[in-house]
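In what follows, a structure is listed as structure tokens, so that the remarks can point back to it.
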Ligand SMILES: Cc1cc2nc3c(=O)[nH]c(=O)nc-3n(C[C@H](O)[C@H](O)[C@H](O)COP(=O)(O)OP(=O)(O)OC[C@H]3O[C@@H](n4cnc5c(N)ncnc54)[C@H](O)[C@@H]3O)c2cc1C
């Protein structure tokens, strides 16, 4: 029998794809992992904006099979950056012509007369590819707020295909004809929130295969046995979707903890009594270090509803102690100074800390994950998903990995 640890999108996908017998062990009392939805006072919120950009039509069909098509919103993405006194289209590097003239000239000059030629980390890559001005006006401050770390410590390719690269020709071409092509140019969103995707997947999993409210506390790799806070279960194959360092600890595998770093994201979901001024953006990026959040999103602009409904994201170091009450007041104050809250009254709110949120990817860590995954595979243990593979990927990527593992 297979034991699957975690009933998030990846664990449920593995269960849905496999032909083998299995049980899913989930510590929480509900399925979904990070892909949960909160319904409160008429607002629909996720743990953070969870929008699906499918690359593979068969995956979209698979996960949407039990969602009524007329409840699935298809949105063309509209996103901007609040920069000084204005909004600039995202991505910043392709829209520098929307900056004040002198800043535009600085960006253009630095892009073409760029002394930086070599790079071996994420920060230097930004200087090399885009020049000092684009790097320092947006790419560095924004990503420092998000990742909450020194960008020198990240791999050049830390964001993989999620980084909106653009060469000089594409940047110039965009001055005349906006080309919003990006990995998530369009996205889908169920009217009942992202949990609808999870509920759809769950339709393929019989209730008696799902053990909720049960935590795995130890894994005996020699006896092929999982110890939970309720029982012991033996397995033929173990599929884990929990954060990789946590799996190593449960298996008693020694590892260098200093190689593993990540950020936490504090998310506030905020509901107001009336609509705000921004009726167009799906989400907005904030590079200013004066403001606590790096990104906010407008659920009301996705649903077309008449009350402002926001998610607000703040990045923290993995070891930071987060005083949620302090940050709640600070966020409201910052939303006022950024002009997001004007006359609207807050009528409902919710918060969650996502820990880990973004893995800090670097070469040493990636090599260690690969070596240890290969070692675990010799014991029929497979670690998959964004946190299981300790990487930066989408839910669809996690589903693809689950399908590939189910076919092994
Ligand atoms: C801020 C933010 C925004 C994001 N936005 C998007 C987006 O728009 N689109 C997108 O595609 N992806 C997005 N993601 C990524 C997405 O959240 C993840 O890829 C996905 O939810 C991971 O699913 P998973 O099943 O692999 O892991 P998880 O959802 O983390 O599930 C793991 C499960 O394991 C359980 N568990 C942990 N420890 C134990 C234990 N010891 N015993 C038993 N159970 C245990 C947990 O309770 C959890 O339910 C975002 C992530 C973040 C942080």
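Coordinate-derived values only; no laboratory data. Since the model is a prediction, treat every value here as computed from it, not as a measurement. Please note: Cβ atoms are built from the backbone with ideal geometry, for glycine as well, and neighbour counts cover all protein chains shown.
As a ratio to 2.2 N^0.38 Å, the alpha-carbon radius of gyration computed for the range 1-155 takes the value 1.46. Pair-distance distribution of the range 153-301: all C-alpha pairs, bin width 10 Å, starting at 0; shares per bin in whole percent are 7, 20, 26, 26, 15, 5, 0.
The Cα trace of the range 320-408 gives Rg and Dmax of 20.0, 60 Å, the first to one decimal, the second as a whole number. Which FRET efficiency, nearest 0.05, do residue 170 and residue 217 yield, Cβ-Cβ r, R0 51 Å? Step by step, r from the Cβ atoms, then E = 0.50.
The slack in the chain from residue 28 to residue 185, taken as 0.36 nm per residue of separation less the alpha-carbon distance, amounts to 53.2 nm. For the pair the range 117-134 / the range 332-408, the C-alpha centres are spaced 25 Å from each other.
So how tilted is helix 363-377 from the main axis of the chain? Cα-based, degrees 0 to 90, rounded to 10. The two axes meet at around 20 degrees. Using only alpha-carbon positions in the range 201-244, the gyration tensor eigenvalues give semi-axes of 20, 12, 11 Å once each is multiplied by 5 and square-rooted (largest first). Annotation: the antiparallel percentage among DSSP beta bridges lying fully within the chain is about 70. For the range 109-162, the convex hull spanned by the alpha carbon atoms encloses 73 Å³ per residue.
Could you tell me the center-to-center distance, by alpha carbons, between the range 63-91 and the range 1-57 in angstrom? So the two Cα centres are separated by 22 Å. Label-to-label distance for residue 38 and residue 65 is 3.2 nm, based on points extended 7 Å past Cα in the beta-carbon direction. Each of 17, 244, 112, 52 was scored by other Cβ atoms within 10 Å of its Cβ. Listed from fewest to most, they are 112, 17, 52, 244. Remark: 234, 117, 366 ranked as 117, 234, 366, counting other beta-carbon atoms within 10 Å and listing the fewest first. With the convex hull drawn around the C-alpha atoms of the range 278-361, the volume per residue stands at 122 Å³.
Measuring r between the beta carbons of residue 102 and residue 55 and using R0 = 41 Å, the FRET efficiency lands at 0.55. In degrees between 0 and 90, to the nearest 10, how far off the longest principal axis of the chain does helix 101-112 point, with axes built from Cα atoms? Between helix and principal axis, roughly 60 degrees.
Measure nothing fancy, just the Cα-based angle from helix 395-406's long axis to the longest principal axis of the chain, in degrees from 0 to 90, nearest 10. The angle comes out at about 30 degrees. Convex hull of alpha carbon positions in the chain: directionally averaged projected area 20.5 nm².
Using the Cβ-Cβ distance between residue 378 and residue 318 with R0 set to 41 Å, the FRET efficiency from 1/(1 + (r/R0)^6) comes to roughly 0.90. For the chain, a Gaussian network of Cα nodes joined below 10 Å ranks 245, 91, 57 by mean-square fluctuation, and the top entry is 57.
Taking 37 °C and 0.692 mPa s as conditions, the range 85-176 diffuses translationally at an estimated 244 µm²/s according to Stokes-Einstein applied to its Kirkwood radius (Cα pairs). Counting other Cβ atoms within 10 Å as a rough exposure proxy, the listed residues 262, 390 run 262, 390 from fewest neighbours to most.
Compactness of the range 128-208, taken as the C-alpha radius of gyration over 2.2 N^0.38 Å, stands at 1.61.
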